[in-house]
1. Alpha carbon centre of the stretch 153-206 versus the stretch 281-308: separation in Å?
2. To the nearest 20 debye, what is the magnitude of the charge dipole of the stretch 218-294 about its Cα centre, counting +1 on the Cβ of each Lys and Arg and -1 on the Cβ of each Asp and Glu?
3. Any chance you could list P(r) for the stretch 205-324, counting all Cα-Cα pairs in 5 angstrom bins from zero, rounded to whole %?
4. How would you order 62-74, 309-321 from highest to lowest mean count of nearby Cβ atoms within 10 Å?
5. Grab the other residues whose beta carbon is less than 13 angstrom from that of Asn118, score K and R as +1, D and E as -1, and report the net.
6. Order by neighbour count: Ile246, Ile269, Ile162, fewest other Cβ atoms within 10 Å first, most last.
7. Return a whole-number percent for the relative contact order of the stretch 218-294, with Cα pairs under 8 Å and 6 or more residues apart as the contact set.
8. Tell me which residues come under 5 Å, amide H to amide H, from His134 once H is placed; ignore anything under 5 positions away on its chain.
Amino acid sequence: MKAIKPMIVLFIAVAFVIIMIPAVLVLPFSSDKTSGKLDEQLEQKAKEEGKEVSTNEMSAVEVAVYRTSAKKIQKLPIESYLAGVVAAEMPADFEEEALKAQALTARTYIVDQLINDNRMGLPDGADVSDTVMHQVYMNNDELKKQWGSDYKWKMKKINKAIKETQGQILTYNGKPITATFFSTSNGYTENSEDYWEAEFPYLKSVSSPWDKESPKFYNKMVVDAADFEKKLGVSLSSGTTIGTVIERTSGNRVGVVEIGGKKLTGKQIREKLGLKSSDFNWERQGNQIVITTKGYGHGVGMSQYGANGMAREGKNYEDIVKYYYKGVKVQSSSKWMNTMTAKK
């Protein structure tokens, strides 16, 4: 019996070594955080898709957001900023591919903003505001207040869209595009030069039939005739005629209207009267002007409700952005991230 005990002890020791050695070898590589395994997986996936993504580059760049209500600047990592933009700009119950398309446009916008150093209208030290002047942004506390019990699942969905497009931006001729977007079209998007002075080859009018399903497709508002005259600087005749549309845009919006000998663009009328769209019809009813609009927003670039409609039909986010932005490529932002990181 005495001779058996040492043998048992030896057997247990050998078994322990056999079990523990593989565990010891595996342990240092089991943590994604320690080994960078998550980064490797993302980079491998990107390489397979012909893109290069670096999570380190994205996390190294901060965005200084001017919080207009608090009148202070908030600095945060670019991907965290993007989550707050996508959450504020697009309904979280939209299709995942539509949210990815929104993440891509939002990232493109901020990268372009950062590299071009356009800070007009901003206080010193700010890169963007949190309003439609740039991109609407809301932080977690604001979103929790707005969404209540839906906050957790909505942010999870949005963060997934951010992660699955990480490091990607839209380019034209090798440069980040001006990635404008809006809520709902009138059935067509608008040429950039028909609404703004600048002409961009990728911001051209396309059909967007999915928008008709948007709850924002039609809108009606009533304006007193006196207010109408004052805001537009015109004088109305005593009859029912208000003005004549003498030109329409490629997107079938009002281009130019003549009212009492004065010519105004559809954009001017939209902005002066606060209309939802520059595609409008109006009629005079006594001392009131009843105005009906189609669409919501300027109409240039990607329609958000159009993107959601395309996603419902099975289109992915690259299909969506390449439809609304002509001739663009989905490209890594590494080159521009490196430049911005080097400046810090």
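Rule-based calculations on the coordinates, nothing more; no lab input. Predicted, not measured: the structure shown is a model, and the values here were computed from it. For neighbour counting, all protein chains shown are included, and Cβ atoms are generated from backbone atoms with ideal geometry for every residue, glycine included.
1. Answer, in whole Å: 21.
2. Numbers: 13 positive and 8 negative charges, 49 e Å.
Approximately 240 debye in magnitude.
3. 2, 11, 20, 21, 16, 10, 9, 6, 4, 2, 0
4. With the highest mean Cβ count within 10 Å placed first, the list reads 309-321, 62-74.
5. Around Asn118, the charge tally is -2.
6. Ranked by crowding around the Cβ, least crowded first: Ile246, Ile269, Ile162.
7. 37
8. Ser129
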